[in-house]
Every structure is written in C-alpha cells, then in structure tokens.
Amino acid sequence: MKKKLLGLLLTAAMAATLLAGCGGGDTPASGSSTGAKTYALVTKSAGNPFNEKEAEGFKQAVEAMGGTPVIQHPEAATADAQITVIQSLISQKVDSICIAANDENALQAALEEAKAAGIKICSVDSTVNTASRQVHVNQAGVNEIGQCLVDAVYDLTGGEGQWAIVSATSQAANQNAWIESMKEIIASDSKYANLELVEVAYGDDEPQKSTDVTQALLTNYPDLKVICAPTTVGIAAAAKVLQDQGSSVKLTGLGLPSEMAEYIGDDDAHSCPYMFLWNPIDLGRLGAYTSIALVNGDATGAAGEKFTAGDMGEYEIVTAGDGGTEIILGAPFKFDPSNIEEWKSVY
Ligand code: RAM
C-alpha cells in the first residue's frame, strides 16, 4: 500500500513536471482555451493536520492538471466562518468549490449563491445537504466506518460495559453520520445489547477542549471501559490524557498515524490498541479531480457517471445514503502495532 502511494505521488510529480515543462505552467490540461481554471478547497478549520494533508493532496492534483488551487482553512470549525470564505470565493470568481462542511444545512444559501454564479460544487470529507452539492467525495462508506468502530468498541470492552464518544463539533455532518450509524448497528443486533453508550462529548476538533472533555468523562464515569473518538483531533487529545494518567480506559477511533504512533500498542503502557483511517492526501486529490471533472463537464454529479481521476484511475458516482450522490475513496484502513511504524511518516 505504501509503495502504491509513493508510486502515485511520483507519477503526480512527474505529470506536474511535464506540464510545467511544455505548458508554461498555466495551460489547462483539459482543453479549455480560457486559461488556467481556479479550483477552491475549503477545509473545516485551520490548525488541524488532517485538513492540511487533505489540502496538500488537493493542491498537488490541481497543479498536476495545470490548474490554480485556492486553499482556504477557516479560522474556526463553524458554518459562519465557512460562509464568509464562500462569499469571498464567489467574488473571486473561482471555477469550483470543494468543501468539508462544518454544518450540513447552514451553508445552503451561500452554496446556492455560488451555484447561481456558475461555480461547480462538491463536498469532501464532511457532506453538505443534497440541495447544496453536485456530489460528495466520501472517504469510505458511512456504515463501513460505523461497523469498524462498533466492532472495535465490542472487542476492547470485551463485549459489555460502558463506553463513550469524543467527537468533533456537534454539527459535523461526517462525525454525526458515523455516530448515527454506530447507534443503528448496535440497536440492530442483540450481540451488542450489553454495550452502554454513556455520553457523546464534543471536543470541537480543538486539542484543549478535546482534552477537557476526555478528563470529564474519566471523572464522571469511573466504570468507563472504552472511548471511541471518530476525529483525528479528538483521538490524539484523548490518547495523551489516558496514557499520561496510566488509565485503564482503552481508546479507538479515527486517527492520523503520525500523531498516534506513540500511543498505539498492545500493552498497558499504551492507550490505543488500534484505530482506523484513510489516506487524507488521497482524499484531497480525489476532491481535486472531482472538481476538475465537474468544471470540464466530464461529470455532472449524477449517479452512474464515471470519470478518470487523473492518475488515481476511474471512479464511479453512486447514490449516497441521503439520496444525493457520492464517490467513495476506498475502505477504512486499520492501524495497529504491526504497521504503525511504516505509516507514521506518510501521514
Ligand atoms: C478530523 C476532522 C475530519 C475527519 C477526521 C477523521 O480531523 O473532523 O473531518 O474526517 O477527523
């Protein structure tokens, strides 16, 4: 997998060099005669390494295709901060906006205004409602992620007892969808009947707040067995709290290998036996290639359409759980003591 990634990065770098060499840098790769197109990415917030990796992939792919990337990290993980950014992108007349939404519904008016101005819209990582997007670029199937997390909680609790969630913001569409899926999976199978979810706490994807809510969980629930944090910021904060305190509470969730390597281990000295994620760089790249396909007219966002995502190959647009459409990057990947050393330098 690592070799494949390095290979892809190399191909992208070679494509970038070729384009720069023969096209003067601003020649679009895709046949338009109006000069380089401008592709914007709006992440959830600044200061989150996951968002930075996503932006790195987006920028790399747009540049490899001869376009101009515009990367915006809003100051806070709020809808208001993103609305301000969207409005400025409309004035800048960008060709597309790819957004990791801080709220599924609150961006609708701003995104509809963008759409009316001829800007192509996709969401990535965290979706907007179906009226606000043409297609969502999803890291993995919602229920696939939900199942991985439920299985991990079941395993680490020994099949019974108290567990809690440390999430991102209470409005985050992606975390809310994963949590909803986990609850549905648990309710649908009597195997999980002895698992007791005591609280969903929100660390707002801020390290300090995530630390505080983790500490409060430990104080309020002395019998707590497992914390599941489906956010890279939340899991890193929780891992440090648990490990520093020598807590017996075990941790799982979604984490960046680079931030979590020191906490992953099978013994009592480590707080996290294993966790999951996907490649955030590839997620950004797929967001870029999708934006390019929408701008080129290679895709409109309808289910059944297929397009070539540059050197990532062909992707198909499928129907999403909310009735809109999505493109799925791949399956969640498990990180444990056997592979964490290999991955911690990649992302
Ligand atoms: C955080 C963000 C992001 C999410 C990852 C797993 O970095 O909330 O949206 O996909 O965690």
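Here are some notes:
- Restricting the stretch 150-173 to residues that are assigned to a helix (DSSP H, G or I) and more than 11 Å from the ligand (Cβ to nearest atom), the residue that is surrounded by the most Cβ atoms within 10 Å (Cβ to Cβ) is Val153.
- Complete set of residues in the stretch 252-298 that are in a helix (DSSP H, G or I) and small (Gly, Ala, Ser): Ser258, Ala261, Gly284, Gly287, Ala288, Ser291, Ala293
- Filtered by the rule that a residue be open to solvent by 10 Å² or more (accessible area, probe 1.4 Å) and either part of a helix (DSSP H, G or I) or within 10 Å of the ligand (Cβ to nearest atom) (or both), the stretch 212-231 gives Asp212, Val213, Gln215, Ala216, Leu218, Thr219, Asn220.
- The C-beta contact set for the stretch 130-142 (first residue over 7 Å from Ile328 (Cα atoms) and without any contact (Cβ under 8 Å) to a residue 60 or more places away in the chain, second residue more than 13 Å from the ligand (Cβ to nearest atom) and acidic (Asp, Glu), distance under 7 angstrom, 6+ apart or interchain) comprises Ser132/Glu112.
Quick grid of which residues meet (1) of a type outside the set (A, V, I, L, M, F, W, C); (2) closer than 22 Å to Val241 by Cα; (3) assigned by TED's automatic domain parsing to the domain that holds Ala239:
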{"site": "Cys148", "(1), (2), (3)": "no, no, yes"}
{"site": "Ala164", "(1), (2), (3)": "no, yes, yes"}
{"site": "Asn174", "(1), (2), (3)": "yes, no, yes"}
{"site": "Ser188", "(1), (2), (3)": "yes, no, yes"}
{"site": "Asn194", "(1), (2), (3)": "yes, no, yes"}
{"site": "Glu206", "(1), (2), (3)": "yes, yes, yes"}
{"site": "Lys209", "(1), (2), (3)": "yes, yes, yes"}
{"site": "Thr219", "(1), (2), (3)": "yes, yes, yes"}
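- Taken as a whole, the condition of being over 27 Å from Lys209 (Cβ atoms), open to solvent by 60 Å² or more (accessible area, probe 1.4 Å) and among the β-branched types (Val, Ile, Thr) applies to Thr130.
- Checked against the criterion of being assigned to a helix (DSSP H, G or I) and over 22 Å from the mean Cα position of the chain (by Cα), the candidates Ile90, Ile86 yield just one match: Ile90.
- Any hit, the stretch 57-72, residues being within 16 Å of the ligand (Cβ to nearest atom), open to solvent by 20 Å² or more (accessible area, probe 1.4 Å), acidic (Asp, Glu) and at pLDDT 95 or above: no
- Every test in (1) closer than 30 Å to Ala81 by Cα; (2) open to solvent by less than 20 Å² (accessible area, probe 1.4 Å); (3) away from the ligand (no atom under 11 Å from the Cβ) is passed by Leu254 save one, and that test is (3).
- Contact map, the stretch 252-264: first residue of a type outside the set (Ser, Thr, Tyr), second residue buried (at least 24 other Cβ atoms within 10 Å of the Cβ) and modelled with pLDDT under 95, Cβ cut-off under 7 Å, separation 6 or more or different chains; the map is empty.
- Among the numbered conditions (1) open to solvent by less than 60 Å² (accessible area, probe 1.4 Å); (2) modelled with pLDDT under 95; (3) not in a helix (DSSP H, G or I), the only one that Ser33 does not meet is (1).
- Qualifying residue in the stretch 242-251 (condition: within 16 Å of the ligand (Cβ to nearest atom) and either assigned to a loop (DSSP other than H, G, I, E, B) or not hydrophobic (A, V, I, L, M, F, W, C) (or both)): no
- Asp189 meets each of the listed conditions (1) out of contact with any Lys or Arg (no Cβ under 7 Å at 6 or more places or on another chain); (2) in contact (Cβ under 8 Å) with a residue 24 or more places away in the chain; (3) more than 19 Å from Asp103 (Cα to Cα) apart from (2).
- The single condition from (1) open to solvent by 10 Å² or more (accessible area, probe 1.4 Å); (2) away from the ligand (no atom under 13 Å from the Cβ) that Asp205 fails is (2).
- For the stretch 79-107, filtering for residues that are in contact (Cβ under 8 Å) with a residue 60 or more places away in the chain and open to solvent by 60 Å² or more (accessible area, probe 1.4 Å) leaves 1.
- On the stretch given as the stretch 190-211, residues that are over 30 Å from Ala46 (Cβ atoms) and in a loop (DSSP other than H, G, I, E, B) total 2.
The values are calculated or read from the model by the stated rules, or taken from the named source; none is laboratory data. Quick caveat, the model's predicted, so the values are computed rather than measured. Reconstructed Cβ throughout: ideal geometry from the backbone, glycine too, with neighbour counts over all protein chains shown. Accessible surface areas use protein heavy atoms only, side chains included; no ligands, DNA or RNA. Shrake-Rupley method; radii C 1.70, N 1.55, O 1.52, S 1.80 Å.
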